[in-house]
Amino acid sequence: MKYMWEGRFEKGVEEKIIEFTSSLDVDKNLALYDIKGSIAHAKTLAKSGILNKKEEKKIVGTLKKIGEEIKEGKFKFCSTDEDIHTAIERRLTEIAGKVAEKLHTARSRNDQIVLDEKLYLKDEIKKITHLIRKLQKAFLKKAEEYFPYVMSAYTHLQQSQPVLISHYFLSYIEMLERDRKRFEDAYRRIDVLPSGSGACCGTSIPYDAEYMANLLGFTKISRNSMDAVSDRDFILEVASISTICMLHLSRFSEDVILWNTQEFNYIILPDRFCTGSSIMPHKKNPDVFELIRGKSAISIGLMSGLFNLMKSLPLSYNRDLQEDKKSLFEILYILLSSLSILLLVVPEIKFNLEEINKKISDFTLSTDIAEYLVKKGVPFREAHKICGGIVKYCLKNNKTIKELDFEELKKFSDKFSKDVINLLNIEKSVNLKNSKGGTSSYQVKNEIKRWKRILK
Ligand code: ARG
């Protein structure tokens, strides 16, 4: 018999159909997880008495051997292998003989693939959260390196208010922390064993799922077999968390690209992390960052494809679900490779402090002046109007706020006293923002300290 399900078929199935329905090309990436799951399944069957000791030993030993073949790249796939599950079972039969026919008791490929995917994702999430931690550390180093230098913050891509460069880096540590926690949270929901669900309704064979869960390190067991074989919400969750994380990396990349332009000239990237142009000899392009931005778009598309895949499926399992893996693998590859490459590049980013300092406009101090007036009893809306008038006056007379003398300022409000002059300083401005989470040196220093404790 060519196919394990051929019993009820009168005639052989068309080659083209087999080719079209095969998932081997994609799910062979799960081979070692399939072996791991099958070894635990064999032990669970032995516990129920479906396999005797000798049979268990034979199956487990052979599966381990097949695992070695796979690791060494010696495993040969056949044209009749429909997917990774059938490929491994076929090889098991070749080596172990008749006893292999007992392994598929009390399971279906429907619960088997969910098990494989979950085992795979548990490992991937560990890799991702580890890399996120490392990137947070790299950002923290930058925050320390550039303390207490000031740049302009931007809103609407217009200079807004002075900010510590460290505060900027700390903001990305916060974003990555939420991503990391989202992954940890998703991990807890993935950590539910689907085995024992069979095709969709459970099994009549005695099956100690708790034992199986212990063998594989699952802390919970599915409470509903239909749910277990048919939902891929755990995949949608990982896809969306990964995409959110990619968006964070993409926004950071966008800042680097922008700040690396001649127009900004805030950032210097080392030659070895850039590439040139085939025609324009002067070019040094920030391709890594452009590609992260581009890959984040692909991640969004793949994630959206996965959501569409699920939206109208009747319960329970449907073959459509086979299409989940390609996108999932690609999304995780995008995220892991982007995190890894940023780990190389971020430590090497240098800020052009002179240029940053030259470009920050005095107008970024206007909110401080408005707040100064508020502290002198002027309602904020009125203070805002007064400062707007000052800015207008400066623009008309081609002056910066700092160039105004006290007499000129006084014309705008009698609430100004001499101390306002002290205010016209970007370091001062930063330190005034001492609200929780603000950019004052005091707040930022404490945050750096806190993150050092967390990330050590
Ligand atoms: N390859 C399928 C998947 O990835 C699992 C096999 C289910 N096949 C079946 N005929 N029920 O979802």
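The values are calculated or read from the model by the stated rules, or taken from the named source; none is laboratory data. This one's a predicted model, so the numbers in the text were calculated from it and none came from an experiment. Counting neighbours? That spans all protein chains shown, and the Cβs are built from the backbone with ideal geometry, glycine included.
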May I ask you to verify whether Phe169 is crowded, with 21+ Cβ neighbours inside 10 Å, at pLDDT 95 or above, within 30 Å of Asn425 (Cα to Cα) and out of contact with any Asp or Glu (no Cβ under 6 Å at 6 or more places or on another chain)?
yes
Hits in the range 64-117 (condition: away from the ligand (no atom under 16 Å from the Cβ), in a helix (DSSP H, G or I) and closer than 18 Å to Met4 by Cα):
Arg91, Leu92, Thr93, Glu94, Ile95, Ala96, Gly97, Lys98, Val99, Ala100, Glu101, Lys102
Would you tally the residues in the range 274-311 being charged (D, E, K, R), modelled with pLDDT of 95 or more and outside any loop (DSSP other than H, G, I, E, B)?
3
List the residue pairs whose Cβ atoms are under 6 Å apart, where the first residue sits in the range 141-169 and is within 17 Å of Ser366 (Cα to Cα) and part of a strand (DSSP E or B), the second is modelled with pLDDT under 95 and among the aliphatic types (A, V, I, L, M), and the two are 6 or more positions apart or on different chains.
Val150/Ile426; Pro162/Ile426
If I filter the range 367-416 down to residues being among the β-branched types (Val, Ile, Thr) and out of contact with any Phe, Trp or Tyr (no Cβ under 7 Å at 6 or more places or on another chain), which single residue comes out as farthest from Lys433 (Cα to Cα)?
Thr400
Of all residues in the range 46-63, which are touching a residue at least 12 places away in the same chain (Cβ under 8 Å) and assigned to a loop (DSSP other than H, G, I, E, B)?
Ser48, Gly49, Ile50, Leu51
Under 6 Å between Cβ atoms, which residue pairs at least 6 apart in sequence (or on different chains) link something in the range 315-336 that is polar (S, T, N, Q) with a partner that is more than 12 Å from the ligand (Cβ to nearest atom)?
Ser316/Met226; Ser327/Leu302; Ser327/Gly305; Ser327/Leu306
Number of the exception - Ala383 against (1) at pLDDT 95 or above; (2) of a type outside the set (Lys, Arg); (3) closer than 27 Å to Tyr172 by Cβ:
(3)
Farther than 26 Å from Leu321 by Cβ and either of a type in the set (Val, Ile, Thr) or over 37 Å from the mean Cα position of the chain (by Cα) (or both): which single residue out of Ile84, Ile66, Ile95, Ile39 fits that description?
Ile95
